[in-house]
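Only one structure is covered here, and it is reproduced in the block below.
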Amino acid sequence: MTGLTQALAAFVSKPTFGSNEQGALAVAKTGFMDTIATMMAGHNEPVVNIVRQFLANTTTPAEAPVPFLGTMHPAAQAAFITAVAGHALDYDDVALSGHPSTALVPAILAEGYVLNSSGLDALRAYVVGYEVWAELVSRETDQYHLKGWHPTGVFGAVGAAAAVSYLRRLNESDTRQALAIAASLASGLVANFGTMTKPFHAGRAAAHGIEAVRLSMLGMTSAADVFEHPAGYLNALSKAGRVDRTRAADTLGKTLRILETGLSIKRYPVCYSAHRTIDGVIKIAEAENLQPEQIKSVHITTGVAQASMLRNHHPVTGLEAKFSAEFAVASAIVAREVGLAQLTDSFATRPDVSGLYSKVSIETVDTVCPLDPAFALTDRVTIETNDGRRFDSGDIRFPLGNALNPIDAAGLKRKFMDCLETGKSANSAIKGADAGLYDRIATLEALPSIRQLFK
């Protein structure tokens with residue numbers, strides 16, 4: 001039986017896309033659409049500017065553009081900055097227990113620019129990276145977030161290396177070396193959620209993917225069994241050792257997981273663990289016209305891993321609020337929305353908002369969603385008012401925008417345009433956010449060169 005590392009390399013170097021390649025490419029295009037939108041919206045966040053300052057003194061030749069800056073950078077650095085921007089607002093898409101697009105798309109855009117890759121090649125590279133990520137993450141029964149691992153950083157580096165290896169048309173041997181190098185670069189800790197370091201994870205994953213490929217091309221060696229070895233990638237990430245390192249990877253390229261799992265588009269720029277709760281609270285608050293002063297208590301039932309990510313029970317900054325169930329409830333009641341306008345330090349500390357935090361209680365359940373073990377099967381919200389009324393959301397399985405409760409094309413375009421306007425309002429000199437950008441992404445498979453994407 002071919003080992004896992006070799007099987008992954010064989011797929012990446014000569015991928016097949018099954019009987020519904022067009023369906024897979026359509027999902028990939030949604031990933032490009034959403035990531036480019038969120039990177040434009042988040043391009044002026046403090047963490048992006050910090051990363052730019054960190055990289056300012058480089059002497060490496062410039063190779064690829066950062067679209068929203070209109071400047072050229074080495075490919076890995078361009079991917080680094082762009083991925084940080086895409087994840088800075090925590091508004092980017094979700095799948096595979098993480099944020100695949102914010103690691104894959106920036107790496108593909110940067111290296112694709114260097115190679116003058118076509119839009120079709122870029123989309124195929126995304127599918128390749130997604131499938132490698134999906135194959136690896138599917139082998140663990142325990143929840144990565146509860147072990148402290150941020151899957152976006154951990155799997156993003158390897159997924160990005162796979163995508164870039166495909167763009168580069170590396171042979172199987174060089175691809176295997178690149179994937180194994182990326183495996184040693186993978187990192188990211190849940191403890192840093194709610195800080196600037198979380199989007200930094202995505203930036204490093206995208207950059208590491210490119211760097212691993214470049215190192216392989218220069219001849220750097222790496223283990224031929226890095227993923228399945230007892231002291232390798234999968235076992236190192238598995239605290240209890242229940243990971244499956246021996247299962248054959250014989251479905252790669254035949255049954256595409258991107259068609260099964262898809263992408264979930266965020267309607268709210270906060271941790272996805274809170275989205276079911278937000279939907280439930282807004283629905284009740286609007287139907288009953290509830291006001292903050294009427295609320296006696298709000299009780300949330302959610303998964304253990306979800307609750308662990310929503311760690312900030314009394315947030316005082318917009319960043320902390322992104323990882324707070326209490327803020328999600330309060331904002332939904334006070335503003336009937338949890339959006340960029342609410343995710344500010346001043347709103348999080350407003351008396352009518354912060355006054356609700358102590359009224360929120362959280363109960364965890366040990367059910368597991370078979371589609372993503374980071375989530376419980378369902379969440380639930382109950383609200384009790386001071387006059388004794390009680391409202392129950394019932395079980396909530398898929399939040400609005402989930403791959404199985406999807407946002408429609410009009411909704412995706414509306415989010416895209418809103419993000420562009422957010423970017424322009426933060427920086428009137430923003431580059432690349434012209435009126436035709438949406439249409440170019442919408443027809444990405446027909447674009448002769450990725451260099452034509454940003455005008």
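Data for the structure
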| quantity | calculated |
| --- | --- |
| LEU252 long-range amide H proximity, modeled H, under 5 Å | none |
| Alpha-carbon centroid distance for the pair the stretch 53-102 / the stretch 400-450, whole angstrom | 17 Å |
| At R0 = 25 Å, FRET efficiency that the Cβ-Cβ distance of SER138 and GLU363 yields, to 0.05 | 0.30 |
| Under 20 Å from the Cα of LYS14 - aspartates and glutamates, other chains or at least 8 residues apart | GLU111, ASP121, GLU131, GLU135, GLU172, ASP174, ASP225, ASP250, GLU445 |
| The stretch 272-392 - percent relative contact order, Cα under 8 Å, separation 6 or more | 38 percent |
| Helix-only CD estimate at 222 nm, as mean residue ellipticity for the chain, using -39500 (n - 2.57) per DSSP H run (n ≥ 4) | -14500 deg cm²/dmol |
| Computed Rg/Rh of the stretch 272-392, alpha carbon atoms with Kirkwood Rh | 0.95 |
| Inter-part distance where the stretch 172-215 and the stretch 263-292 are each reduced to a Cα centre, Å | 32 Å |
| Among GLY203, VAL334, ALA348 the positive-end extreme of the charge dipole of the chain (Cβ point charges) | GLY203 |
| Rough spin-label spacing in nm, given labels placed 7 Å along Cα→Cβ, for ALA236 and THR221 | 1.8 nm |
| Above-threshold pairs, the threshold being 18 Å between Cα atoms, out of LYS266/LYS424; LYS29/LYS415; LYS198/LYS424; LYS266/LYS455; LYS198/LYS455; LYS424/LYS455 | LYS266/LYS424; LYS198/LYS424; LYS266/LYS455; LYS198/LYS455 |
| Dipole of the chain, positive direction: furthest Cα of MET39, SER393, ALA180, with charges on the beta-carbon | ALA180 |
| Cβ-based exposure ranking for GLU260, GLU326, GLU445, GLU337, in which fewest neighbours within 10 Å come first | GLU260, GLU337, GLU445, GLU326 |
| Residues with amide H under 5 Å from that of TRP149, placed H, sequence gap 5 or more | VAL190 |
| Rounded tilt (10° steps) of 75-87 against the dominant C-alpha axis of the chain | 20 degrees |
| Kirkwood Rh, angstrom, the stretch 60-99 [1 / mean 1/r, Cα pairs] | 11.1 Å |
| Net charge, ARG176 excluded, C-beta distance under 14 Å - Lys, Arg +1, Asp, Glu -1 | -2 |
| Per-peptide average of other Cβ atoms within 10 Å, ordering 116-124, 347-355, 361-369 highest first | 116-124, 347-355, 361-369 |
| Dipole of the chain, positive end: most advanced residue of LEU136, LEU4, ILE258 [Cβ charges, Cα centre] | LEU4 |
| J(HN,Hα) series, the stretch 165-180, from Karplus relation 6.51 cos²θ - 1.76 cosθ + 1.60, nearest Hz, glycine and proline x | 4, 5, 4, 7, 6, 5, 6, 4, 5, 5, 5, 4, 4, 5, 5, 5 |
| Rg(Cα)/(2.2 N^0.38 Å) for the chain, N = residue count | 0.95 |
| Cα centre as origin, Lys/Arg/Asp/Glu Cβ charges: the chain dipole, Debye | 560 debye |
| Set of the stretch 370-389 residues, backbone N closer than 19 Å to the point 7 Å along the Cα-Cβ line of ASP395 | 370-383 |
| Using θ = phi - 60° and Karplus 6.51 cos²θ - 1.76 cosθ + 1.60, couplings along the stretch 384-390 (whole Hz; Gly, Pro as x) | 10, 9, 5, 8, x, 6, 9 |
| Sequence-distant residues sharing a close amide H with ILE362 (under 5 Å, placed H) | ILE300 |
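Only the coordinates and a few stated rules stand behind these numbers; no lab work does. Bear in mind the structure is a predicted one, so any value in this text is a computation, not a measurement. A quick note on method: Cβ atoms are made from the backbone with ideal geometry, for glycine too, and the neighbour counts reach across all protein chains shown.
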